[in-house]
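What follows is a single structure, written as structure tokens, with notes after it.
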Amino acid sequence: MRGCTSCAVRCRYKHRGIQLVQHTPFGKEILILMVNGAKDRFEKQKARWLAEEPSFINRCWDALCFYRYAFPWVQFSWYKLPYVLAQLGLAASGPAIAYHTADKLEKWHAIYIFLGVLVVLVLAAFLSGTPERRAGRISKPIQTIWVRFGNLLNTVKSGATPSAQKNPSIEFTLALATSLAAQVTGIKQSEFAASLVLYDGDERVRMKIDHRDRGSDRPIGRQINDLETVLGHHACQSGAAPRVVADVKRFGKYGLKSPTQSRPNYRSIFLHPVTSVQKGSVAGFMSVDCTVPHAFHGHRADDLAALLEPLKAHIEEMI
Amino acid sequence: MVKSLLYRGPRMKQSQKLMLISREASKIRKLHEAGEISAQEASRRLVELRADPEAFLEVTANQVEHTAA
């Protein structure tokens, strides 16, 4: 704790990193501390994200959040209301009839039986859909597309592609990445966007977004000078391994700050560092982002890492 | 999901796992490109990799050890 430099009043807040400049009755102190707190939160979350050592509680929370956003049946829909009411009626009918006709059944016993039957019905509905979800996860056409796409890319090497065609080629590849992400996650394709962010110069102090998926209306050609808040940059610095950002909101205000100064609407990101074939070093990263939080949780990230591989290889050939 | 949450042993980091999956997928694609495996075999291996990445990576690691020995 440090006192204010002008009035020497001991501050109620714990200082984090930056020294308090002035204590004013108009809340400047609080403003400064809020900024410091946001930065602190970002740094803490970033370190936790890079270390990848979530606690048991964090893993449970992530799983719960995933189920909250992944399954539309959790969300309200008028079309599903009759089904829900029918299930409730089914669960309540037995205990209600027994309560009204048999004198021996207590009110609380009837409620317990109703809740028990309801839990069994919900579990049965969840389990009956599991084989369908598993079968839908690995579809034969996608496997064939993956193999044939690899064949196709093998015929389009960088040497054979005119330089004027390289940029469109990367944009089409990024558009395909959004399609694959939509297929893997089962989320609408309009919720996804993909971009390629590359280092500008050998100093690795600036990045540039020159490529977005074809059809995207997000800005391109903008330079990113402040790399401290760019998670993709930190992923590149820690190796060439793909990483998943479950929810950028977790990183606080700095996490929601878009590197291109546009208002970000994405919540989860799949980051895949790309290596330049010519230089042999990490040249930047490919990001597939989604407006739905926890979109790349668990096996979805595994699937995407496998399916995006030919696309990443093609981009590495083109840059 | 439940099995994964309750697992208390040494856990592979997600980025490490994704890296290995990406590498294995690359190997499968390159083997097919080189004509060493057919399209069906490449597809089958990719299905195995996606269905159970941990088991696939373990089998591949064992094969590498066996070859080295």
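Any idea which of A:126, A:114 is open to solvent by 40 Å² or more (accessible area, probe 1.4 Å), at pLDDT 80 or above, closer than 30 Å to residue A:86 by Cβ and not assigned by TED's automatic domain parsing to the domain that holds residue A:240?
Only one candidate qualifies: A:114.
Among the numbered conditions (1) within 14 Å of chain B (Cβ to nearest Cβ); (2) surrounded by 12 or more Cβ atoms within 10 Å (Cβ to Cβ), tell me where residue A:109 comes up short.
Every listed condition holds for residue A:109 apart from (1).
Kindly list, by first and then second residue, each pair from a residue in region B:37-55 that is more than 9 Å from chain A (Cβ to nearest Cβ) to a residue that is modelled with pLDDT of 85 or more and surrounded by fewer than 16 Cβ atoms within 10 Å (Cβ to Cβ), limited to pairs with Cβ atoms under 7 Å and residues at least 6 apart or on different chains.
The qualifying pairs are B:37/B:31.
How many residues does region A:303-319 contain that are facing another protein chain (nearest Cβ under 8 Å) and open to solvent by 10 Å² or more (accessible area, probe 1.4 Å)?
Matching residues across region A:303-319 total 2.
Modelled with pLDDT under 90, within 14 Å of chain B (Cβ to nearest Cβ) and under 24 Å from residue B:17 (Cβ atoms): which single residue out of A:255, A:232 fits that description?
A:232
Are there any pairs, at least 6 apart or on different chains, whose C-beta atoms fall under 6 Å, with the first in region A:289-300 and within 13 Å of another protein chain (Cβ to nearest Cβ) and within 19 Å of residue B:21 (Cα to Cα) and the second at pLDDT below 90 and not in a loop (DSSP other than H, G, I, E, B), and if so, which?
Qualifying pairs under 6 Å: A:297/A:66; A:300/A:184; A:300/A:185.
Residues checked against (1) touching a residue at least 12 places away in the same chain (Cβ under 8 Å); (2) of a type in the set (Gly, Ala, Ser); (3) not assigned by TED's automatic domain parsing to the domain that holds residue A:220:
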position	(1), (2), (3)
A:147	no, no, no
A:150	yes, yes, no
A:156	yes, no, no
A:161	yes, no, no
A:171	yes, no, no
A:174	yes, no, no
A:180	yes, no, no
A:183	yes, no, no
A:190	no, yes, no
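The values are calculated or read from the model by the stated rules, or taken from the named source; none is laboratory data. Treat the numbers as computed from the prediction; the structure is a model and nothing was measured. Don't worry about glycine lacking a Cβ; one is built from the backbone with ideal geometry, like all the others, and counts go over all protein chains shown. Just the protein is used for accessible areas: all its heavy atoms, side chains included, with ligands, DNA and RNA removed. Shrake-Rupley method; radii C 1.70, N 1.55, O 1.52, S 1.80 Å.
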